[in-house]
Every structure is written in C-alpha cells, then in structure tokens.
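Report on the following structure.
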Amino acid sequence: MLSNTGVWPSGGEIDIMEQVGSDPTTIFGTLFMDQGPSGQSKTTQVADACTAMHDYQLTWTADRMLIGVDNVNYYSYVNPKTGHAAWPFDSPQYLLMNIAIGGRLGGAIDDAIFPVTLEVDYVKVYQPTK
C-alpha cells in the first residue's frame, strides 16, 4: 500500500507481502516511514510460497500494524505515538499489486525467468464495525 500524499517514504508504505525470486521461501513484510528508504522489515518462511495459494493479511489499527500469512502474524509494529515521522499511517493508502523485478531488493535480472506470472485469487478489505 502506498500513501496518497505522493511523498515517499515519509508518507508511508505498507508492503504486506514481498518476495525475492532468488530466495522464494522467504516472505517479507515491510513498513516505510520517514526513516529512510530501507524501511523496517520482518520475514517469515513459506516453504511452498510459489506452488500453493496463501492468505497474506494486514491488520491495521490506530495503535499497530500486524502482518501475517495464513492467519499467523509474524510482524507487529506498534504506533510509538511520537508523530508522523514514525507513524504516517493515519492517512489513506493506495492498494497496489505489483510484480517488481530487479532493484535494490531483487538484484540482477535473469531474463531466463520470463514470462512470469503472479496469480491472485482474491483481495478483501474489511473495516471494523463501530
């Protein structure tokens, strides 16, 4: 998810699921804030990440972010309540689905991988009832 302010990384970015092709069983959850372009990441292992469907989820409240896979949270970031630099997530975020190839995380591109496919079964967004 990417901030609707157009300012990165200080506007915030929430990466619910990232994966690097050279390490296909490692799944990253990453939050970007006004702390530089590296973000804060946690990882988990999903042995069949490329051969089976999985549920990747984000629970986003005013107090914390929980990122998980298959209903098991592996990353919790608590709102430190020190201001926008550490918690820019009071603003809406755009929902993006992206196959990012190469770059700082992905590394060199091996053209032999093409064509490549990302399959998504569904995306659900819930809001708590008040």
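The values are calculated or read from the model by the stated rules, or taken from the named source; none is laboratory data. Computed from a predicted structure; not experimentally measured. Glycine also receives a Cβ, built like all others from the backbone with ideal geometry; neighbour counts cover every protein chain displayed.
Can you find even one residue in region 62-78 that is surrounded by 12 or more Cβ atoms within 10 Å (Cβ to Cβ) and among the basic types (Lys, Arg)? Scanning region 62-78 turns up at least one residue that is surrounded by 12 or more Cβ atoms within 10 Å (Cβ to Cβ) and among the basic types (Lys, Arg). Across region 69-122, the number of residues qualifying as over 23 Å from residue 25 (Cβ atoms), assigned to a loop (DSSP other than H, G, I, E, B) and β-branched (Val, Ile, Thr) comes to 1.
Among the residues of region 68-97, write down those that are modelled with pLDDT under 95 and touching a Lys or Arg at 6+ places or on another chain (Cβ under 9 Å). The one that is modelled with pLDDT under 95 and touching a Lys or Arg at 6+ places or on another chain (Cβ under 9 Å): 87.
Among the candidates 31, 95, which residue alone is loosely packed, with under 14 Cβ neighbours inside 10 Å, among the aliphatic types (A, V, I, L, M) and in contact with a strand residue (DSSP E or B) (Cβ under 9 Å, 6 or more places away or on another chain)? Give the steps one after another, and end with the answer.
Values: 31 fails: loosely packed, with under 14 Cβ neighbours inside 10 Å.
The conditions single out 95.
Taking residue 26, is it more than 25 Å from residue 130 (Cα to Cα) and not basic (Lys, Arg)? Steps first, please.
Details: more than 25 Å from residue 130 (Cα to Cα): yes; not basic (Lys, Arg): yes.
Yes: the conditions hold for residue 26.
So the check is Cβ under 7 Å with 6+ separation or different chains; which pairs have a first residue in region 5-20 that's without any contact (Cβ under 8 Å) to a residue 40 or more places away in the chain and a second one that's of a type in the set (Asp, Glu) and in a strand (DSSP E or B)? Every condition considered, no pair remains.
Residues satisfying the criterion are present in region 10-27 (criterion: at pLDDT 90 or above, loosely packed, with under 15 Cβ neighbours inside 10 Å and not hydrophobic (A, V, I, L, M, F, W, C)).
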